[in-house]
1. If I ask for residues that are closer than 25 Å to residue 38 by Cβ, touching a strand residue (DSSP E or B) at 6+ places or on another chain (Cβ under 7 Å) and in a helix (DSSP H, G or I), which ones from segment 140-187 would you list?
2. Mind listing just one residue for me: the one in segment 274-308 that is outside any helix (DSSP H, G or I) and in contact (Cβ under 8 Å) with a residue 24 or more places away in the chain and, of those, farthest from the chain's Cα centre (by Cα)?
3. Could you identify the single residue in 114, 124 that is part of a loop (DSSP other than H, G, I, E, B) and closer than 30 Å to residue 262 by Cα?
4. Hey, could you check segment 218-248 for residues that are more than 17 Å from the chain's Cα centre (by Cα) and part of a helix (DSSP H, G or I) and say which is surrounded by the fewest Cβ atoms within 10 Å (Cβ to Cβ)?
5. Can you find a residue that is out of contact with any helix residue (DSSP H, G or I) (no Cβ under 6 Å at 6 or more places or on another chain), farther than 30 Å from residue 95 by Cα and either surrounded by fewer than 17 Cβ atoms within 10 Å (Cβ to Cβ) or at pLDDT 95 or above (or both) anywhere in segment 114-122?
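The values are calculated or read from the model by the stated rules, or taken from the named source; none is laboratory data. All of these numbers come straight from a predicted model, not from anything done at the bench. Neighbour counts run over all protein chains shown; Cβ positions are idealised from the backbone, glycine included.
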C-alpha cells in the first residue's frame with residue numbers, strides 16, 4: 001500500500017525496491033494464488049487459506065524454496081506446538097505449496113513428506129445441547145435479532161456464511177433454498193414453524209434476514225463476533241454466565257444434525273438438510289444417536305423383565 005501511495009503521488013523511486021525474490025517462499029505463495037487449484041476454492045475457503053499463508057509468507061517469505069528441508073518443517077511445527085490445530089492446518093498448506101513447487105519445477109521432492117501432524121484430540125466445534133438452547137432462547141426472546149439469527153442457524157443447519165446471505169428471495173412457499181458458498185451444493189429446507197413465524201414478522205424491504213445495527217448485511221466474521229457476545233449475555237439474575245465457552249454458530253449446525261439423528265433420520269436424510277457431501281461426515285451423528293436409542297431400549301427391556309419376574313429376597 002505504501003508503494004501504491006507513492007506511485008499515485010508520482011514518486012516511482014520506491015517501486016520495485018522490495019521485489020519478490022525469484023524462487024522464494026513469497027514467490028511460491030504468489031504463484032499459488034494464481035493457480036487453478038486456488039481459484040477453484042470457495043470464497044470462504046480462500047479467505048481462510050490466505051490468512052494462514054500470509055502469516056507464513058511474512059515469517060519465511062525471503063527464504064529459498066529449494067533450501068527447505070524436512071528438519072525445517074519439523075522446527076516450524078514445533079514452534080507452533082501450543083496451537084496444534086493451527087500447526088496442522090499450516091502443514092497441510094505447506095504440502096500444497098510443495099506440490100505446486102514440484103509442478104513448477106522448483107523442486108523434485110516434497111520436504112513435508114514424513115512430517116507428522118501434532119497429536120491433538122479434539123471434537124471440533126462444541127455441539128449445543130438442549131439445555132444450552134433453552135437458556136439462549138429464554139434470554140433472547142422471539143422478535144429480537146438474536147432470536148432470529150439463532151432460529152436461522154438451528155432450523156436450517158447451515159454455515160454462518162450462508163445464513164448471513166439468506167433473504168426472502170431464497171423462500172418459495174414453505175421451502176428455503178440456498179446455494180452453499182463452501183461446497184456449491186443446493187439445499188432445499190422446509191421451513192420449521194418456529195422459523196416461519198420469525199421470518200413472517202420481519203419487514204419486507206431488507207435484502208437479507210440478518211441486518212447489522214447500521215441496517216447493512218453482515219459479514220460472516222462480523223456475525224460470529226456479534227453472536228459470541230449474545231452467548232456471553234446469557235446470564236442468571238446474579239450476572240453469572242449460564243453458557244460455557246466455545247459455543248459458536250457452527251456448533252448449532254452440529255446441534256441440528258444431532259437433533260435429526262436423535263429423531264431417527266438416516267445419514268442421507270441429514271445430508272439433504274446439512275448439505276454434507278460424504279456419509280463419513282454425518283455418520284458420527286447417527287452412530288451417537290443410535291447408541292442412545294439402543295441403550296434406552298436395553299434399559300426398557302430390563303425393566304420389563306424385572307416387572308415380570310418377582311425377586312424374593314432371603315430372610
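1. Hit for segment 140-187 is 162, nothing else.
2. Here is the first cut: in segment 274-308, the ones outside any helix (DSSP H, G or I) are 275-278.
So of that shortlist, the ones also in contact (Cβ under 8 Å) with a residue 24 or more places away in the chain come out as 275, 277.
Numbers: 275: 13, 277: 15 Å.
My answer is 277.
3. Working: 114 fails: closer than 30 Å to residue 262 by Cα.
None of the other options fit; the residue is 124.
4. Step one: filter segment 218-248 for residues more than 17 Å from the chain's Cα centre (by Cα), giving 229-244.
If we keep only those that are part of a helix (DSSP H, G or I) as well, we get 229-232.
Numbers: 229: 9, 230: 19, 231: 25, 232: 12.
The selected residue is 229.
5. no
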